[in-house]
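The next block holds one structure in the form of structure tokens; read it before the comments.
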Amino acid sequence: MHRPTALGGALTALATAAAGVLVAAAVSTTPAAAAVGGTGTGYLHTSGNKIVDSTGATVRLTGINWFGMETDNRTFHGLWSSNPWRGQLDKMASLGYNTLRIPYSNDALRPGATASGINDFVNPDLVGLSPLQILDKVIDYAGGKGMRVILDRHRPTAAGQSPLWYTSTVSEATWINDWKMLAQRYAGNPTVIGADLHNEPHAEGTNPAATGACWGCGDTARDWRLAAERAGNAILGVQPNWLIFVEGVSCPSGGLSNVWDGDTSNDEDCGWWGGNLTKAKDFPVRLNVANRLVYSPHEYATSVYRQTWFDAPDYPANMPAIWDKYWGYLHKQNIAPIMMGEFGSTLADPKDKVWLENLMAYTGTGVNGMSFTYWSWNPNSGDTGGIALDDWTNINTTKQAILQPYLIPPVGGGGPSPTPTTPGPTPTTPAPTGGCTASYQQVNAWQGGFQGELTVKSTGTAAVNPWSVTWAWPSGVSLASGWNATVTQSGTTVTAAAPDWSRSLAAGASVTIGFTANGAASAPGTVKLNGTAC
């Protein structure tokens, strides 16, 4: 999925994922939470170093990668777990991730492509769908939660990444035509905001016999900047409202330095695959539609490769200057917006926690900070691990705590304020008598289990703080998983409790609690909000 440039050595072995403390499923929407979040109105465009919406309001994309569509499964990983696909999106949004970056390979777009690795008991609505049809459903549901989607051409084939945007089996024409197809498919749907043209262009071959992606060298077969212009303009010809996300290269020459010749005087300054945008100021990407270009570097830590700067005596004080050099200058000089498309770590090395804390601080706080999509939601990323733990439900709280102050939740996604405060004790406010209504929808059913959504609305005159919903199930029905609240079961009574960061349910507001259960499909009975029957 991502590999560093080998600077004077071979690639390191992949590290194992760091474990995190379990945290139960997430939060609900409240008007207060919605007011602080969001990804703007309509399509997005750029203004200097900012991304803005159709009204001119500044938008910060604080997102996450959910991969799998670029692999042999040709669809999202984790669909094999006990957490339904909607539940996973609910959790992402509730944690504050307002944007979803979706990697794919051209294999997944081919006619007749099939998706695999789907738990048909948990996700029966996906059985028999093509990869594109599953993508349609994810985009539709994410959009309903106020999230935005960036499509990422991650690999030409499921076999692996490529240094150039084309290979002997996937031509440049195929690359561009597939992009045009996607632009047409989602034209008119502002949930999909743009195209990350090709993942991690990088060097190959030893200079002077370079065969990899260069920047500004002028060779049309290798110059990534020129290829990005060709693809970007072709996409904008179909969908002029999309943002065009352009990653960097690793070495601007497109080749690696000879580390065996003993001469370092001419060795090139290289960076992460996709992370070197040092030449973008002198050789900018030129698009036919103004205000559509976003530069999208990648940045990693020691669990991917131990770059020399991690062992510098002044680490981590040396890092801002390194980030400035490779890509941060584009933001600081108001040349173009930055959207870090990938960054992450297992945090197995203590240096990596310091790296992540400093990197997030470098991006800035609030809506004017740089945009990003963290790598990754998936726990099965070998060199970084994920935000989700191996059950695809609970969360690595160590990582989430570092990212949390910088996340701006989508409207409808709930989640904490991007500027956390330390509240004092909050008294419990019971719901007035007759102060709630409840409605239930069975979403899916299968042999031995079912999936449902219970919506409870407060009709009282005061906020319910903290809120808690209970209901009864017949004997033999047991909870399998829950989301949008901390859902537990004792005997035949199920309790959905508000999380700390979304404790209040305002008068007139509602919460939808999702769950899967084992046993005969049964509607919740005797639904109560803080002890008051609905």
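The values are calculated or read from the model by the stated rules, or taken from the named source; none is laboratory data. Because the structure is a prediction, the values reported are computed rather than measured. Here Cβ is always computed from backbone atoms with ideal geometry, including for glycine, and neighbour counts include all displayed protein chains. Accessible surface areas use protein heavy atoms only, side chains included; no ligands, DNA or RNA. Shrake-Rupley method; radii C 1.70, N 1.55, O 1.52, S 1.80 Å.
Here are some conditions: (1) open to solvent by 50 Å² or more (accessible area, probe 1.4 Å); (2) over 22 Å from the mean Cα position of the chain (by Cα); (3) under 30 Å from Ser54 (Cβ atoms). Gly144 meets all but one. Which one does it not meet?
Going through (1) open to solvent by 50 Å² or more (accessible area, probe 1.4 Å); (2) over 22 Å from the mean Cα position of the chain (by Cα); (3) under 30 Å from Ser54 (Cβ atoms) one by one, Gly144 breaks only (2).
Looking at the stretch 108-123 only, could you name the residues that are surrounded by fewer than 20 Cβ atoms within 10 Å (Cβ to Cβ) and out of contact with any Phe, Trp or Tyr (no Cβ under 8 Å at 6 or more places or on another chain)?
Within the stretch 108-123, Arg110, Pro111, Gly112, Ala113, Thr114, Ser116 meet the criteria.
What is the one condition in (1) surrounded by fewer than 18 Cβ atoms within 10 Å (Cβ to Cβ); (2) farther than 26 Å from Leu293 by Cβ; (3) of a type outside the set (Lys, Arg); (4) at pLDDT 95 or above that Gln333 does not satisfy?
(2)
Could you check the stretch 470-487 and list, in sequence order, the residues that are part of a strand (DSSP E or B), open to solvent by 40 Å² or more (accessible area, probe 1.4 Å) and among the small types (Gly, Ala, Ser)?
Of everything in the stretch 470-487, those that are part of a strand (DSSP E or B), open to solvent by 40 Å² or more (accessible area, probe 1.4 Å) and among the small types (Gly, Ala, Ser) turn out to be Ser478, Ala480.
Tally time: how many residues in the stretch 353-388 are of a type in the set (A, V, I, L, M) and open to solvent by 20 Å² or more (accessible area, probe 1.4 Å)?
Looking only at that region, the number is 3.
Of the residues Asp107, Asp120, which is part of a loop (DSSP other than H, G, I, E, B), in contact (Cβ under 8 Å) with a residue 40 or more places away in the chain, on the phi < 0 side of the Ramachandran plot and out of contact with any helix residue (DSSP H, G or I) (no Cβ under 6 Å at 6 or more places or on another chain)?
Working: Asp107 fails: part of a loop (DSSP other than H, G, I, E, B).
Selected residue: Asp120, the only one of Asp107, Asp120 that is part of a loop (DSSP other than H, G, I, E, B), in contact (Cβ under 8 Å) with a residue 40 or more places away in the chain, on the phi < 0 side of the Ramachandran plot and out of contact with any helix residue (DSSP H, G or I) (no Cβ under 6 Å at 6 or more places or on another chain).
Need the failing condition index for Ser94 against (1) of a type in the set (Ser, Thr, Tyr); (2) surrounded by 21 or more Cβ atoms within 10 Å (Cβ to Cβ); (3) closer than 19 Å to Trp179 by Cβ, just the number.
Result: Ser94 passes all but (3).
For Gln307, indicate whether it is of a type in the set (S, T, N, Q), farther than 23 Å from Ser54 by Cα and open to solvent by 20 Å² or more (accessible area, probe 1.4 Å).
No: the conditions fail for Gln307.
Go through (1) of a type in the set (Val, Ile, Thr); (2) open to solvent by 10 Å² or more (accessible area, probe 1.4 Å); (3) out of contact with any Ser or Thr (no Cβ under 7 Å at 6 or more places or on another chain) one by one and return the number of the condition Val192 breaks.
The one condition Val192 does not meet is (2).
Output yes when any residue across the stretch 49-62 is at pLDDT below 75 and either open to solvent by less than 40 Å² (accessible area, probe 1.4 Å) or in a loop (DSSP other than H, G, I, E, B) (or both), and no when none is.
So in the stretch 49-62, the residues at pLDDT below 75 come out as none.
Scanning the stretch 49-62, I find no residue that is at pLDDT below 75 and either open to solvent by less than 40 Å² (accessible area, probe 1.4 Å) or in a loop (DSSP other than H, G, I, E, B) (or both), so the answer is no.
Any chance the stretch 499-509 includes a residue that's within 32 Å of the chain's Cα centre (by Cα), modelled with pLDDT of 85 or more and either within 16 Å of Pro84 (Cα to Cα) or in a strand (DSSP E or B) (or both)?
Yes, the conditions are met somewhere in the stretch 499-509.
Does the stretch 383-399 hold any residues that are within 17 Å of Pro84 (Cβ to Cβ), under 16 Å from the mean Cα position of the chain (by Cα) and assigned to a loop (DSSP other than H, G, I, E, B), and which are they?
Leu389, Trp392, Thr393
Count, please, the residues in the stretch 201-233 that happen to be farther than 19 Å from Tyr295 by Cβ and surrounded by fewer than 17 Cβ atoms within 10 Å (Cβ to Cβ).
Final tally of qualifying residues: 10.
When you scan the stretch 76-88, how many residues do you find that are touching a residue at least 60 places away in the same chain (Cβ under 8 Å) and open to solvent by less than 20 Å² (accessible area, probe 1.4 Å)?
8
Return yes when Thr99 is in contact with a Phe, Trp or Tyr (Cβ under 7 Å, 6 or more places away or on another chain), among the hydroxyl-bearing types (Ser, Thr, Tyr) and open to solvent by less than 10 Å² (accessible area, probe 1.4 Å) and no when it is not.
Against the criterion (in contact with a Phe, Trp or Tyr (Cβ under 7 Å, 6 or more places away or on another chain), among the hydroxyl-bearing types (Ser, Thr, Tyr) and open to solvent by less than 10 Å² (accessible area, probe 1.4 Å)), Thr99 does not qualify.
How many of the residues making up the stretch 169-189 are part of a helix (DSSP H, G or I) and either under 18 Å from Leu226 (Cα atoms) or open to solvent by 50 Å² or more (accessible area, probe 1.4 Å) (or both)? Give the steps one after another, and end with the answer.
From the stretch 169-189, those part of a helix (DSSP H, G or I) are 172-185; that's our starting set.
With the extra rule that they be either under 18 Å from Leu226 (Cα atoms) or open to solvent by 50 Å² or more (accessible area, probe 1.4 Å) (or both), the set shrinks to 172-177, 179-181, 184-185.
Here the count works out to 11.
I need the full set of residues from the stretch 65-95 which are part of a helix (DSSP H, G or I) and not basic (Lys, Arg), in order please. Walk me through how you get there before you give the answer.
Here is the first cut: in the stretch 65-95, the residues part of a helix (DSSP H, G or I) are 85-95.
Listed by number, the residues that qualify are Trp85, Gly87, Gln88, Leu89, Asp90, Met92, Ala93, Ser94, Leu95.
Considering only residues of the stretch 451-476 that are more than 18 Å from Ala533 (Cβ to Cβ) and in contact with a Phe, Trp or Tyr (Cβ under 9 Å, 6 or more places away or on another chain), which is modelled with the lowest pLDDT?
Among residues in the stretch 451-476 that are more than 18 Å from Ala533 (Cβ to Cβ) and in contact with a Phe, Trp or Tyr (Cβ under 9 Å, 6 or more places away or on another chain), the one modelled with the lowest pLDDT is Gln451.
Just a yes or no: is a residue in the stretch 269-288 on the phi > 0 side of the Ramachandran plot, in contact (Cβ under 8 Å) with a residue 24 or more places away in the chain and open to solvent by 10 Å² or more (accessible area, probe 1.4 Å)?
Filtering the stretch 269-288 for residues on the phi > 0 side of the Ramachandran plot gives 274.
In the following step, the residues that additionally are in contact (Cβ under 8 Å) with a residue 24 or more places away in the chain were identified as 274.
Now drop any that are not open to solvent by 10 Å² or more (accessible area, probe 1.4 Å), which leaves none.
Within the stretch 269-288, none of the residues are on the phi > 0 side of the Ramachandran plot, in contact (Cβ under 8 Å) with a residue 24 or more places away in the chain and open to solvent by 10 Å² or more (accessible area, probe 1.4 Å).
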